[in-house]
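Heads up, the thing below is written out as structure tokens.
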Amino acid sequence: MASSWRLILFLSVTRCLSELIYSWVFNEFPSFVAEDSRRFISQETGNLYISKVQTSDVGSYICLVKNSVTNARVLSPPTPLTLRNDGVMGEYEPKIEVHFPFTVTAAKGTTVKMECFALGNPVPTITWMKVNGYIPSKSRLRKSQAVLEIPNLQLDDAGVYECTAENSRGKNSFRGQLQIYTYPHWVQRLNDTQLDSGSPLQWECKATGKPRPTYRWLKNGAPLRPQSRVDTVNGVLAIHSVNQSDAGMYQCLAENKYGAIYASAELKILASPPSFELNQVKKTIIVTKDREVLIECRPQGAPKPTISWRKGDKSVRGSKRIAILPDGSLRIVNASKADEGKYICQGENIFGSAEIIASLSVKEPTRIELTPKRTELTVGESIVLNCKAIHDSSLDVTFYWTLKGQPIDFEKEGGHFESIRAQASSADLMIRNILLMHAGRYGCRVQTTADSVSDEAELLVRGPPGPPGVVIVEEITESTATLSWSPATDNHSPISSYSLQARSPFSLGWQTVKTVPEVITGDMESAMAVDLNPWVEYEFRVVATNLIGTGDPSIPSRMIRTNEAVPKTAPSNVSGRSGRRHELVIAWEPVSEEFQNGEGFGYIVAFRPNGTRGWKEKMVTSSEASKFIYRDESVPPLTPFEVKVGVYNNKGDGPFSQIVVICSAEGEPTAAPTDVKATSVSVSEILVTWKHSKESLGRPQGFEIGYWKDAEPEDSAETVRTRGNESFVMLTGLEGDTRYHLTVRAYNGAGFGPPSGEVSATTKRHPPSEPPGNLRWEQQGSQVSLGWEPVRPLANESEVMGYKVFYRQEGQSKGQVIETQKPQAVVPLPEAGVYIIEVRAYSEGGDGTASSQIRVPSYSGGKITSAQSTVHSLSKWSSVTLLLALMLPSSSW
């Protein structure tokens, strides 16, 4: 058994704050020592502690120091660890080798880590406690509880902490004090200050911190010494009767052993003679009799000027009507003519004096007359309000109009309002096409430079009622709904009646419904809507009417569905449809969801052979169904049946439609078309003809032609259909010189008949691709002679049968064609103008490629001869030159 030893490996490292991280390499990099309850690396000293050495610990140890800021690394020389053979260490009680200081100081808000590790055999267990308190819940134990970490330190985390190491041989403990300090922090700062010369100053700055901060004062960066006028007590600076020498920058310094903070402020000393702002120097005040007058006097100066008033040459003294206010202003109440005159305010201090002059004029008060005072109008009518002012003739007046206390914006009122100023002392307000919203109190305010007076008039506007209140559906049946509502506003005209309107998914908007009672008078607040459709969702609203008209509707009620009922509407347009042999196809127009009256809606189809008594009935459960097919192999084609279609839902069976007679299907055609022929018409067309046997059962509605290429299977056939009794079709869009196979079969609503026998045809070979060349022309009078080289087809092209000469007047879309078997032709030019001419070869495969176009002018007299090559060389000229060349006689070229 290996011996047990305790071991401490030391490393000497210069530590820089908390930027170094220690770890130990075991034997070789990167095999690191793993920390546990037996092994511990102190991040304070860098030492490695092994509480109980084991055989597995033997080896070489290297200390690795890493700078967490620069990531630089340093390795120590290797330190070997061997076991002694001279004895075995027995069990012993723990011995604390690593512990935090007796006093730990840390700043508030930071994280503190306290280490505690012990040697011992058996390996000790570490526990922590806070004396006279609890370890903070935010704390974390790391490295097998050898490190207590407390983040975000607060003042109440301070105290005595104890770590205990314990094993079966005993225990040992260590205590230390955790002290939390805080940097100074401002609670109250200084503010820049302006004072009049001679005024007192008191500045106070307050800061918190642990330990409590002390204060020092500086002026312009130098310590401030107490003087006869200057006192500094803690954070308070007091200066008695400041003067210009006290002006400057002051600093309050709050500091404790962990830091210092500064607060700065500027002190300005004001010293100036009295002065007034320019707008106060000379002004005129106009008031009306018995009003209050306030003449302001606020001179600027330092020290604050003293104020005195005089009227003319006499000092103004206070009385019951006249008072000098604390701010220096002069107040006169119940002004009269005797108070008119010039008032002088003088401000004075040790540096000088200044004064202002105010002229006071007292006028007769303005009066106002607004007519009419109260008027009732009907929506759409117009009115004029007249506002007349009785005022001092020396004063100008301005009129302002308001509605319900708000100024009338004549630009935004849609042309309803117009202000008319016919005379200097009166104004009219024209209100055109008045609306309900224009009812209310109208104000006219007359403003003069001396006073302002106003008056009001009331307009009542009669109009259609407002919308009734909330509509409530109180009871619902399959065809009725009982509604109630709150009365509508009558808008000054009694409500004569109400009407109910309903809307459903099937209606075109809102529809007036029948009611009980039939007429709903204006004093009623409930009624019943009748003749509603069962099982339909409805919304309801109410509309009120008076002598003026009908108002806006109420807000719609909540959507509600009427109760279910037996259906009452039978299907319409019951008829027969074509089908397969032995089928009876019955069709009808489905009943709209509006009239299905409930869930589980479907159809009952009843039918019987004509002349029999018993009905066969079949259920069709789909409400959207419009067709039923009855198949019976014993039913011959075109057998007449009596048919009717009924309806049902979960509430029961509804009515049947009227009985109609329809016939069973005649079946698909039974005979194939005969005498089928296919004739090649052109390179891309084949004409197909046939005959149809009248003895075939199942009348055809048309024919289907299938065609496919010789090298392709019949399954790939394309089809073309005809309708009616047509017996031919032209197949187009085919490939040239290609053999096609074709069949024809009849069809109707029941299906297809048998196909005809297969026939074949080969499309024509392609027309010549070479255009007529070396086109020559000679013009004589009103005609032109053309000539060209013959076209020679290629081996896979059809033989030339002749040529077509196309000619037309320039600017026209239609032209004429001349056919010839020879490579020459004479083209008439009956009218004056320019003709465009081109030539094509044609064959059984169609027309070939066109020659180049030539442009020939038509005129009388003269003779022109040209070759195509000459025309091509002429095409290099400008269009003007070419046209002139064509129009000149040949002798002029």
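All but one of (1) over 30 Å from residue 493 (Cα atoms); (2) crowded, with 21+ Cβ neighbours inside 10 Å; (3) at pLDDT 95 or above; (4) of a type outside the set (S, T, N, Q) hold for residue 584, so report the exception by its number.
Going through the list (1) over 30 Å from residue 493 (Cα atoms); (2) crowded, with 21+ Cβ neighbours inside 10 Å; (3) at pLDDT 95 or above; (4) of a type outside the set (S, T, N, Q), residue 584 breaks only (3).
I'm checking my understanding of the structure. Among residues of segment 490-526 that are modelled with pLDDT of 95 or more, within 28 Å of residue 379 (Cβ to Cβ) and among the hydroxyl-bearing types (Ser, Thr, Tyr), which one is surrounded by the most Cβ atoms within 10 Å (Cβ to Cβ)?
Of everything passing the filter in segment 490-526, 498 is surrounded by the most Cβ atoms within 10 Å (Cβ to Cβ).
What tally of residues in segment 557-573 results from selecting those that are open to solvent by 20 Å² or more (accessible area, probe 1.4 Å) and either assigned to a loop (DSSP other than H, G, I, E, B) or not charged (D, E, K, R) (or both)? Even if it seems obvious, please write down each step before you answer.
Within segment 557-573, the subset open to solvent by 20 Å² or more (accessible area, probe 1.4 Å) is 558-561, 563-564, 566, 568-570, 572-573.
Next cut, either assigned to a loop (DSSP other than H, G, I, E, B) or not charged (D, E, K, R) (or both) only: 558-560, 563-564, 566, 568-570, 572-573.
Qualifying residue count for the region: 11.
What are the residues in segment 688-708 that are open to solvent by 50 Å² or more (accessible area, probe 1.4 Å) and part of a strand (DSSP E or B), if any? I'd like the intermediate steps shown before the answer.
First, the residues of segment 688-708 that are open to solvent by 50 Å² or more (accessible area, probe 1.4 Å): 691-692, 694-695, 697, 699, 701.
Matches in segment 688-708: 691 only.
Which of the residues spanning segment 590-639 are open to solvent by 50 Å² or more (accessible area, probe 1.4 Å), outside any strand (DSSP E or B) and β-branched (Val, Ile, Thr)?
612, 621 - these are the residues of segment 590-639 that are open to solvent by 50 Å² or more (accessible area, probe 1.4 Å), outside any strand (DSSP E or B) and β-branched (Val, Ile, Thr).
Is segment 224-234 home to any residue that is of a type in the set (A, V, I, L, M) and in a loop (DSSP other than H, G, I, E, B)? Steps first, please.
Of all residues in segment 224-234, those of a type in the set (A, V, I, L, M) come to 224, 230, 233.
Then keep just the ones that are in a loop (DSSP other than H, G, I, E, B); that gives 224.
The answer is yes; a qualifying residue exists.
Could you grab me the full set of residues in segment 348-378 that are within 30 Å of residue 551 (Cα to Cα) and among the β-branched types (Val, Ile, Thr)?
Taking segment 348-378 as the starting set, the residues that turn out to be within 30 Å of residue 551 (Cα to Cα) are 372-378.
Residues satisfying the conditions are 375, 378.
Filter segment 754-803 for residues that are open to solvent by less than 50 Å² (accessible area, probe 1.4 Å) and β-branched (Val, Ile, Thr); which is farthest from the chain's Cα centre (by Cα)?
Here the answer is 784.
So is residue 184 buried (at least 20 other Cβ atoms within 10 Å of the Cβ) and closer than 30 Å to residue 88 by Cα or not?
Numbers: buried (at least 20 other Cβ atoms within 10 Å of the Cβ): yes; closer than 30 Å to residue 88 by Cα: no.
Judged against the criteria, residue 184 is not a match.
Looking at this structure, is residue 654 part of a loop (DSSP other than H, G, I, E, B), open to solvent by less than 40 Å² (accessible area, probe 1.4 Å) and not aliphatic (A, V, I, L, M)? Break it down stepwise before answering.
Values: part of a loop (DSSP other than H, G, I, E, B): no; open to solvent by less than 40 Å² (accessible area, probe 1.4 Å): yes; not aliphatic (A, V, I, L, M): yes.
Spelling it out, it is not the case that residue 654 is part of a loop (DSSP other than H, G, I, E, B), open to solvent by less than 40 Å² (accessible area, probe 1.4 Å) and not aliphatic (A, V, I, L, M).
Mind checking whether some residue in segment 246-255 is among the polar types (S, T, N, Q), in contact with a Pro (Cβ under 8 Å, 6 or more places away or on another chain) and either in a helix (DSSP H, G or I) or surrounded by 15 or more Cβ atoms within 10 Å (Cβ to Cβ) (or both)? Show your work before the answer.
Step one: list which residues in segment 246-255 are among the polar types (S, T, N, Q), which gives 251.
With in contact with a Pro (Cβ under 8 Å, 6 or more places away or on another chain) added as a condition, the list becomes none.
No, segment 246-255 has no match at all.
Tell me whether segment 304-311 contains one or more residues that are closer than 15 Å to residue 285 by Cα and either at pLDDT 90 or above or open to solvent by 20 Å² or more (accessible area, probe 1.4 Å) (or both).
Kept after step one, since they are closer than 15 Å to residue 285 by Cα, are these residues of segment 304-311: 311.
Adding the requirement that they be either at pLDDT 90 or above or open to solvent by 20 Å² or more (accessible area, probe 1.4 Å) (or both) leaves 311.
Yes, the conditions are met somewhere in segment 304-311.
May I ask you to say which residue of 837, 854 is at pLDDT 90 or above, among the hydrophobic types (A, V, I, L, M, F, W, C) and open to solvent by less than 40 Å² (accessible area, probe 1.4 Å)?
Details: 854 fails: at pLDDT 90 or above.
Testing whether each residue is at pLDDT 90 or above, among the hydrophobic types (A, V, I, L, M, F, W, C) and open to solvent by less than 40 Å² (accessible area, probe 1.4 Å) leaves just 837.
Filtering segment 529-549 down to residues that are small (Gly, Ala, Ser) and outside any loop (DSSP other than H, G, I, E, B), which residue is farthest from residue 499 (Cα to Cα)? Steps first, please.
Going residue by residue through segment 529-549, those that are small (Gly, Ala, Ser) are 529, 544, 549.
Next cut, outside any loop (DSSP other than H, G, I, E, B) only: 529, 544.
Numbers: 529: 10, 544: 7 Å.
Per the stated criteria, the residue is 529.
With respect to residue 778, determine if the residue is touching a residue at least 12 places away in the same chain (Cβ under 8 Å) and either closer than 30 Å to residue 854 by Cα or in contact with a Lys or Arg (Cβ under 8 Å, 6 or more places away or on another chain) (or both).
On the way: touching a residue at least 12 places away in the same chain (Cβ under 8 Å): yes; either closer than 30 Å to residue 854 by Cα or in contact with a Lys or Arg (Cβ under 8 Å, 6 or more places away or on another chain) (or both): yes.
Yes, satisfied.
Before we move on, is residue 427 of a type outside the set (Asp, Glu), part of a strand (DSSP E or B), more than 42 Å from the chain's Cα centre (by Cα) and surrounded by 19 or more Cβ atoms within 10 Å (Cβ to Cβ)? Lay out the reasoning, then the answer.
Working: of a type outside the set (Asp, Glu): yes; part of a strand (DSSP E or B): yes; more than 42 Å from the chain's Cα centre (by Cα): yes; surrounded by 19 or more Cβ atoms within 10 Å (Cβ to Cβ): yes.
Here the answer is yes, as residue 427 does meet what is asked.
Considering only segment 230-245, how many residues are surrounded by 15 or more Cβ atoms within 10 Å (Cβ to Cβ) and at pLDDT below 90? Walk me through it before giving the result.
Of the residues in segment 230-245, the ones surrounded by 15 or more Cβ atoms within 10 Å (Cβ to Cβ) are 230, 232, 235-237, 239, 242.
Next, only the ones that are at pLDDT below 90 stay: 232, 235, 242.
The qualifying residues number 3.
Would you mention how many residues in segment 1-37 are modelled with pLDDT under 85, aromatic (Phe, Trp, Tyr) and buried (at least 16 other Cβ atoms within 10 Å of the Cβ)?
1
The values are calculated or read from the model by the stated rules, or taken from the named source; none is laboratory data. Fair warning: this is a prediction, and the values are worked out from it, not measured in the lab. Note that each Cβ is placed from the backbone with ideal geometry, even for glycine, and that neighbours are counted across all protein chains shown. Accessible surface is based on the protein model in full, side chains and every heavy atom, while ligands, DNA and RNA are left aside. Shrake-Rupley method; radii C 1.70, N 1.55, O 1.52, S 1.80 Å.
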